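Visitor: Dropping a structure here in structure tokens format, bear with me for questions.
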Amino acid sequence: MTGKRNNRIRSRLLAAFLAAVCLLGGCGAEPAADSDAETSLPEESTIAAADTVTGRQAADAVFSLNFDSGAGTNPLRAQSSANLQFWSLLYDSVFVVEEDFTVSSEIVTSYTTDDYIWWVFHIDTSVTFSDGSALTAADVAYSIQRAQQVEYYAGRLSCIYGVSALDGSSFAISTKYANTQLPLLLNIPIIQYGAYFEDDPIGTGPYMLNTARSALVQNPEYRHAGEQPLDTIYLRDYMDASDRITAFEDASIDIVTNDPTGMYNLGYGSGNETRFYDTTNLHYVGFNTSSLYFQNAAARRAVAWIIDRDYVVDTLMDGCGVTATLPVHPTSALYDSEYAETTGYDPEKCASAFAAAGVDDLDGDDALEMLVTGIVVELDIRFIVNNDSVVKVRAARRICEELNSLGITTTLYELSWNDYISALTGGDYDMYYGELRMSADWDISALFAVPGDDDRSEGNWGKNYARTTDSAYTELYRAFSAAPEEQRYDAFQAAVQYVTENAILLPVCFERRQVLTHPGVVSGIRATQYDLFHHFLEWRITLQ
């Protein structure tokens, strides 16, 4: 019993960690009418045995999801990464980010703004919660306000100054600066006003949680009621990783996601159907501009030619990534493919670029040096990487080996997470391999925000790990945020090209994640990083 309890504790810690870093006891929800409280899974004895893998995987004739029964389903509190995966089946979102990083909404009917600082949004008041009560602008404004206070959402909402309902059908948002991309940041689940502390608040989504918390049943008040692929979706608790793998292989649960590039790659069997979805998680190489070796932008740019992005994605990530030389996903309309191709893997160009930056064998010892204020300095680059990710470590090792083969003396330090963050914030590095979960508006200005004189004197640089004092980065991204649609592309290119030419950040690739299902069971999946069940109405599910 103790071992099982410890496994559960470890699972809770893991879920909390994932919610805080990767994604992100109140009163229970009021029971809804016709909630099918007695819905339960068929008895195990009624499940027929099957010889084939496909038969075994669909043998229970029901569709089941993994469920953390010890945590709530409240999507704003983000208590459990398992329960967050199916939030969109219970709750609508203010806006929806599509696969190509454009935006849509079934809640907001229209919106207006004259200056991109003061916005007014109008909602569809025919939308109702599962108890029949009407959705109001106060519910939407309240949900955004609460999301601002939760770590999982706070980063993307940091540009918002205030949110308030104007009347029953409209609400307003004011921002700290002009931001034409605001709707892309508002993919926020909607709960009822005042329900934040409820574990299982009612929603306006296609399903609702039954009172026994054993299944999701169709919401009769939903605008597409009766049209969903399934009447009932069963919930089963497998929070231990090994139990979850076994449960999926035995069809006790029917769909799982996996991050094959991360520390929690679970290694599901190969007999499954695997689909991929893109993410905004950017792998990149960053620099300390206070470093003796990388004060010069030319030396930083030289490193761009030694990063073999195809090797990282194809070999190290087994295709679970998309190469990029610009800090925006290649599927975005903002990605300039022609400009992106001006940078690529070419060791000879890397050597030439370092030579042009003044790196050479200046003292005849067969090792390369550089001149710093007229003094010959031996190269000894301190390159750091977080050792929690095998992929990142191997990618950093490859870059390190390539640099050393050119005579660019580089030492890789594979650090624990705490030591890695300590080195970054303390400036104890020259170069680092990092990962950034970008927002869908592609604004990375937070990485270049210049702190005040007092903070800098005390070594407090925030997320500005590069320790740059160049305010042009923030100014260019602010100009992009404020640019109207017809000027947006050019404004974004100006910001990206400044980042690229100054090379404080060198993109490597964007991660992709896996969705696994049993053979022949599910079609029509259009998952995104924000929503596993994106466009669930279009799914087709065959259980037998």
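The values are calculated or read from the model by the stated rules, or taken from the named source; none is laboratory data. Since the structure is predicted, the reported quantities are computational estimates derived from the model, not experimental observations. A quick note on method: Cβ atoms are made from the backbone with ideal geometry, for glycine too, and the neighbour counts reach across all protein chains shown. Just so you know, the surface numbers come from the protein's heavy atoms only, side chains and all, with ligands and any DNA or RNA stripped out. Shrake-Rupley method; radii C 1.70, N 1.55, O 1.52, S 1.80 Å.
Visitor: What are the residues in the range 191-217 that are among the polar types (S, T, N, Q), closer than 24 Å to PHE95 by Cβ and open to solvent by 10 Å² or more (accessible area, probe 1.4 Å), if any?
Guide: Matches in the range 191-217: GLN192 only.
Visitor: Among the candidates ASP346, ASP361, single out the residue that is open to solvent by less than 70 Å² (accessible area, probe 1.4 Å), within 22 Å of GLN497 (Cβ to Cβ), more than 30 Å from the chain's Cα centre (by Cα) and of a type in the set (D, E, K, R).
Guide: Testing whether each residue is open to solvent by less than 70 Å² (accessible area, probe 1.4 Å), within 22 Å of GLN497 (Cβ to Cβ), more than 30 Å from the chain's Cα centre (by Cα) and of a type in the set (D, E, K, R) leaves just ASP346.
Visitor: Would you call LEU543 under 21 Å from ILE233 (Cβ atoms) and either at pLDDT 95 or above or assigned to a helix (DSSP H, G or I) (or both)?
Guide: Answer is no for this residue.
Visitor: Of the residues that make up the range 36-55, is at least one at pLDDT below 95 and buried (at least 21 other Cβ atoms within 10 Å of the Cβ)?
Guide: No, the conditions are met nowhere in the range 36-55.
Visitor: While we're on this one: Sort out which residues of the range 128-137 are in contact with a Ser or Thr (Cβ under 9 Å, 6 or more places away or on another chain) and either surrounded by fewer than 19 Cβ atoms within 10 Å (Cβ to Cβ) or farther than 17 Å from ILE173 by Cα (or both), and write them in order of number.
Guide: THR128, PHE129, SER130, ALA134, LEU135
Visitor: Across the range 240-263, what is the total count of residues that are under 26 Å from ILE190 (Cα atoms) and open to solvent by less than 30 Å² (accessible area, probe 1.4 Å)?
Guide: 2
Visitor: Suppose we filter the range 449-487 for residues that are in a loop (DSSP other than H, G, I, E, B) and of a type in the set (S, T, N, Q); how many remain?
Guide: Summing the residues that are in a loop (DSSP other than H, G, I, E, B) and of a type in the set (S, T, N, Q) in the range 449-487 gives 5.
Visitor: When you look at GLN497, is it closer than 23 Å to ASP310 by Cα, in contact with a helix residue (DSSP H, G or I) (Cβ under 8 Å, 6 or more places away or on another chain) and open to solvent by 10 Å² or more (accessible area, probe 1.4 Å), yes or no?
Guide: It is true that GLN497 is closer than 23 Å to ASP310 by Cα, in contact with a helix residue (DSSP H, G or I) (Cβ under 8 Å, 6 or more places away or on another chain) and open to solvent by 10 Å² or more (accessible area, probe 1.4 Å).
Visitor: For the range 326-343, which residues satisfy the criterion of being out of contact with any Phe, Trp or Tyr (no Cβ under 8 Å at 6 or more places or on another chain) and either under 18 Å from ILE408 (Cα atoms) or exposed (fewer than 14 other Cβ atoms within 10 Å of the Cβ) (or both)?
Guide: SER337, GLU338, GLU341, THR342
Visitor: Looking at SER523, SER471, which one is surrounded by fewer than 16 Cβ atoms within 10 Å (Cβ to Cβ) and within 30 Å of VAL256 (Cβ to Cβ)?
Guide: SER523
Visitor: Also: Hey, among the residues in the range 310-364 that are part of a loop (DSSP other than H, G, I, E, B) and among the aliphatic types (A, V, I, L, M), which one's nearest to ASP259 (Cα to Cα)?
Guide: If we take residues in the range 310-364 being part of a loop (DSSP other than H, G, I, E, B) and among the aliphatic types (A, V, I, L, M), then MET317 is nearest to ASP259 (Cα to Cα).
Visitor: Can you name every residue in the range 151-200 that is of a type in the set (D, E, K, R) and part of a loop (DSSP other than H, G, I, E, B)?
Guide: Matches in the range 151-200: ARG156, LYS176, GLU198, ASP199, ASP200.
Visitor: Could you pull out the residue among THR102, THR112, THR125 that is modelled with pLDDT under 95, surrounded by fewer than 19 Cβ atoms within 10 Å (Cβ to Cβ) and closer than 19 Å to ALA172 by Cα?
Guide: After ruling out the rest, the residue left standing is THR125.
Visitor: Go through the range 365-431 and tell me which strands (runs of 3 or more DSSP E), entirely inside it, have 2 or more residues that are open to solvent by 50 Å² or more (accessible area, probe 1.4 Å).
Guide: The qualifying strands (runs of 3 or more DSSP E) are 375-378, 410-415.
Visitor: Output the number of residues of the range 82-102 satisfying the condition of being under 16 Å from the mean Cα position of the chain (by Cα) and assigned to a strand (DSSP E or B).
Guide: Qualifying residue count for the region: 2.
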